[in-house]
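> The structure's right below; bear with me while I get my questions together.
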Amino acid sequence: MKVTANLSFAGAELAMFRGEVRDVPEYIADPLLKCGYLAVVEPAAANSSEMTKNELIQKAESMGIEVKSGWTKAEISAAIAAAAEA
């Protein structure tokens, strides 16, 4: 399962830094998803063109991206994609 770390952490089976994206076995990822350490990575192209600007802003802000007031949907989508790759 492809996940991203919401914060840096180290444990017996896995260590990740904030923003890191990697494939993790489900049995390891499940408890970390439940406690908020990890988030499932959505495919980059999925739904971004179908999302409203407000939905994109909410997604960006949940990823820690500061959205400027004049940004277009394309700029917000690009920022989300860049943050997901980082």
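Read-outs throughout are calculated quantities, based only on the coordinates presented, and are distinct from any laboratory measurement. Just so it is clear, the structure is predicted and the values come from calculations on it, not from any experiment. Positions of Cβ are generated from backbone atoms using ideal geometry, with glycine treated the same way; all protein chains shown enter the neighbour counts.
> What percent does the relative contact order of region 1-41 come to when contacts are Cα pairs within less than 8 Å and at least six residues apart?
Relative contact order comes out at 51 percent.
> Right, another one. Need one word for region 1-41: rounded, prolate or oblate. Basis is the Cα gyration tensor (sqrt eigenvalues a ≥ b ≥ c); a/c below 1.5 gives rounded, then a/b vs b/c decides.
rounded
> Quick check on the exposure proxy: order S77, S8 from fewest to most C-beta atoms within 10 angstrom.
If I rank by nearby Cβ atoms, fewest first, I get S8, S77.
> Oh, and also: Please report, in debye to the nearest 20, how large the charge dipole of the chain is about its Cα centre when each Lys and Arg carries +1 at its beta carbon and each Asp and Glu carries -1 there.
That gives the chain a dipole magnitude of about 200 debye.
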